[in-house]
1. So the check is Cβ under 6 Å with 6+ separation or different chains; which pairs have a first residue in the stretch 1-19 that's assigned to a helix (DSSP H, G or I) and a second one that's surrounded by 14 or more Cβ atoms within 10 Å (Cβ to Cβ) and among the charged types (D, E, K, R)?
2. Please work out which one of (1) among the polar types (S, T, N, Q); (2) under 10 Å from the mean Cα position of the chain (by Cα); (3) within 12 Å of the ligand (Cβ to nearest atom) is the condition residue 7 fails and give its number.
3. I need the full set of residues from the stretch 31-59 which are modelled with pLDDT of 95 or more and part of a loop (DSSP other than H, G, I, E, B), in order please.
4. In the stretch 43-59, what residues are touching a residue at least 40 places away in the same chain (Cβ under 8 Å) and closer than 16 Å to residue 2 by Cα?
5. Would you say residue 55 is loosely packed, with under 12 Cβ neighbours inside 10 Å and out of contact with any Ser or Thr (no Cβ under 7 Å at 6 or more places or on another chain)?
6. Looking at the stretch 31-42, I want the residues that are more than 6 Å from the ligand (Cβ to nearest atom) and have a partner that is of a type in the set (Asp, Glu) and in a helix (DSSP H, G or I) with Cβ atoms under 7 Å, at least 6 apart or on another chain. Which pairs are those?
7. Does residue 28 count as free of Cβ contacts under 8 Å to residues at least 24 places away in the same chain, in a helix (DSSP H, G or I) and either surrounded by 14 or more Cβ atoms within 10 Å (Cβ to Cβ) or near the ligand (Cβ under 10 Å from one of its atoms) (or both)?
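The values are calculated or read from the model by the stated rules, or taken from the named source; none is laboratory data. As the structure is a computational prediction, the values presented were derived from the model and not from experiment. Here Cβ is always computed from backbone atoms with ideal geometry, including for glycine, and neighbour counts include all displayed protein chains.
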Amino acid sequence: MYVCVCNAVTDRDIKKAANDGVSTFQHLRQELNVATCCGRCETCAKNILEDAHAKAGIA
Ligand code: FES
């Protein structure tokens, strides 16, 4: 599903970035441009990043 409509970023994109070593939301923003326009996706994107880290056993 699309998490960031402004920049066409999906939950799969965020999970892949987490698995590729993106550890902070700031880094995720730099990599995918998520939450750089209207910002409405920020909370959802953060939650998906945290979930991906939890599932991968990354703190
Ligand atoms: S939906 Fe992500 S910046 Fe607008």
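1. Close Cβ pairs (under 6 Å, with a partner that is surrounded by 14 or more Cβ atoms within 10 Å (Cβ to Cβ) and among the charged types (D, E, K, R)) amount to 17/31.
2. Every condition holds for residue 7 apart from (2).
3. Answer for the stretch 31-59, where residues must be modelled with pLDDT of 95 or more and part of a loop (DSSP other than H, G, I, E, B): 33, 34, 35, 36, 37, 38, 39, 40, 41.
4. Those that are touching a residue at least 40 places away in the same chain (Cβ under 8 Å) and closer than 16 Å to residue 2 by Cα: 44, 45, 48.
5. When the stated conditions are applied, residue 55 passes them.
6. 32/13
7. Yes, satisfied.
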